């Protein structure tokens, strides 16, 4: 069995309207699902991705309105890295971010910056043959757009604590030092450790968990393998849009293994993903209550046409 790189990455925001403006506007991603946190349905779970809502391009956020800012530390992902096609694309993004008040740091093949709540992000020139995962945006040419995740960087006090689980159980390939790759038949993604500056605090602008992609047919076998390895995974949880297994790797980062499918078109037409509040069947009876308490959000696609989201 092989994991097909990153499925999705989930972070926390304290301000969903600002979050929508940045990721669906400035960064050019498509909002592909507006739903709720299935463990706490009183808060949003927002999904941004490529045009099709593909695993490998899917950045998601739980909104806790007014949440205090967090700070990454040991046992937390601290930077999310996307692929772009060229140095020309990096120049485009350097200029675009600055025009939106976001400063960045440029180096050969790489651009680093933070989102409005301090979440660490980066763009890197793609060096793999994986198909690019691109969203349509009227101000961002496809040749310069984000192409899906390249990987993440996480903090740890001791990367060797996690090496056995990553390599022997999950099948990650060691690249160099504290860098690993999860690569399947279709796609791959990097997982890199940096020395932790100390303990972290979860809050707005921090990553909650990272999910790795599994073909549907392998999912039960992954759960059994994790049990046998002593990783203490959850049972398989049906999230309607995919199925999930959760566990912490030895450095403390919360991992998920999520299935490729059923996908976001399970309850919405592909052409209208993310335009209205989607609730899995088990939560549909809460619609009236939730629509009264969830933060009003802009319609990203409609407002892009009007020039509201930039």
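Nothing in this text is a laboratory measurement; each read-out follows from the coordinates by a stated rule. Note that the coordinates shown come from a computational prediction; the quantities given were computed from them, not determined experimentally. Reconstructed Cβ throughout: ideal geometry from the backbone, glycine too, with neighbour counts over all protein chains shown.
Under 10 Å, Cα contacts only: if you run a Gaussian network model on the chain, which one of 28, 230, 203 comes out with the highest mean-square fluctuation? Among 28, 230, 203, the largest mean-square fluctuation in the Gaussian network model of the chain belongs to 230.
Counting only DSSP H runs of at least 4 residues, each contributing -39500 (n - 2.57), and dividing by the residue count of the chain, the helix-based mean residue ellipticity at 222 nm comes to -4000 deg cm²/dmol. Comparing 106, 30, 187 in a Gaussian network model of the chain (Cα springs below 10 Å), the most mobile by mean-square fluctuation is 106.
Among 259, 26, 42, sorting on how many other beta-carbon atoms sit within 10 Å of each Cβ, with the fewest leading, yields 42, 26, 259. The ellipsoid equivalent to the alpha-carbon distribution of the chain has semi-axes of 27, 24, 19 angstrom, derived from the gyration tensor eigenvalues as √(5λ) and listed largest first. Within the listed set 175, 152, 18, the residue fluctuating most in the Gaussian network model of the chain (springs between alpha-carbon atoms under 10 angstrom) is 175. Give the percent of DSSP beta bridges with both residues in the chain that are antiparallel, rounded to the nearest 5. Taking every DSSP beta bridge within the chain, about 65 percent pair in antiparallel fashion.
Once the C-beta distance of residue 158 and residue 277 is scaled by a Förster radius of 51 Å, the resulting FRET efficiency is 0.75 to the nearest 0.05. The fewest-to-most ranking of 8, 209, 272 by surrounding Cβ atoms within 10 Å reads 272, 209, 8.
The DSSP beta bridges internal to the range 111-203 are antiparallel in roughly 70% of cases.
A Förster distance of 22 Å, applied to the separation of the beta-carbon atoms of residue 105 and residue 18, puts the FRET efficiency at 0.50.
Listing 201, 102 from fewest to most neighbouring C-beta atoms within 10 Å gives 201, 102.
Its relative contact order, with pairs defined as Cα atoms under 8 Å and 6+ residues apart, puts the range 88-209 at 20 percent. Under 16 Å from a label point set 7 Å out along the Cα-to-Cβ vector of residue 167, the amide N atoms of the range 181-203 belong to 181-183, 191-193. Note: relative contact order over the chain, using C-alpha pairs below 8 Å and six or more positions apart, is 27 percent.
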